[in-house]
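Here's the structure, in C-alpha cells; my notes come after.
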C-alpha cells in the first residue's frame, strides 16, 4: 500500500501473485525498481499493459532488462574485482540471480567449452528460458563494452544455433552483461534487424528510483 502510483501497484500485485513472491522478495523487487526498469524499454501503451497484465514474455526483447541490479552480490563500487570474481559471486547467489533475470530462466552450465577446430572458447554462463524455449548465453565484462566483445558473443550464439539447439527450439539469445556500455558501439556493430544479441549494464548498488522515473518521462 506504500506504492502511490496505481499502475505500478497493480503491476506488483499481479507479479506477486503470478510468481508467488514472499514479502521479502516483493520488497526487494520494488526497491530495485523492477517496474521502472521494465518500463524503460517500452512505449506508453506497453507501460499501461504492464499494470494490466504484468510482465508478458513473447519475444527475446521482453526478457531483457537494462540495467540489471546485482546488489545481492555485495560487490563494492570502490573495490577491484575480476570477471572471474563476478562469475563466482553469481554462481554462489544463483537463486537470487535467476530471480533478478526474471521469468522462465533455468541454469544450465558455467564456463561451457565451445570447440572450433583446435581452439577452445568458454561461455561464462549458459541458461535456458522455458517461456521463450531457447538457450541464453551470458558473457560477463567488468569494463566498458568493446566491439570485439559483441563479436565474441555473436560467435557463441551462432555456435549454439548451429550445434546445440534442436530444430524445434527458438534462436539463441546472447546477453553481454557489462559495467559500462556504449550505445554507439552497439548500434554500429549489430545489424539493424538484430533480435538475438543484447547488451545491458549491471549495477552493484540499488539504483535511484527518481532517476529511472525521470528517464521514463523523457521517452
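Read-outs throughout are calculated quantities, based only on the coordinates presented, and are distinct from any laboratory measurement. In this text, all values refer to a predicted model and were calculated from it rather than measured experimentally. Here the Cβ positions follow ideal geometry from the backbone for every residue, glycine too, while neighbour counts run over all protein chains shown.
Highlighted here are the helices (runs of 4 or more DSSP H) found entirely within region 110-219 that include at least 2 residues which are within 19 Å of the chain's Cα centre (by Cα) and closer than 21 Å to residue 99 by Cβ: 209-218. Residues that are part of a loop (DSSP other than H, G, I, E, B) and under 23 Å from residue 194 (Cβ atoms) within region 68-109 comprise 102, 103, 104, listed in sequence order. Scanning region 115-152 for residues that are more than 21 Å from residue 191 (Cβ to Cβ), in contact (Cβ under 8 Å) with a residue 40 or more places away in the chain and loosely packed, with under 14 Cβ neighbours inside 10 Å returns a single hit, 116. Answer with yes or no whether residue 65 is crowded, with 18+ Cβ neighbours inside 10 Å and either in contact (Cβ under 8 Å) with a residue 60 or more places away in the chain or in a loop (DSSP other than H, G, I, E, B) (or both). Yes, satisfied.
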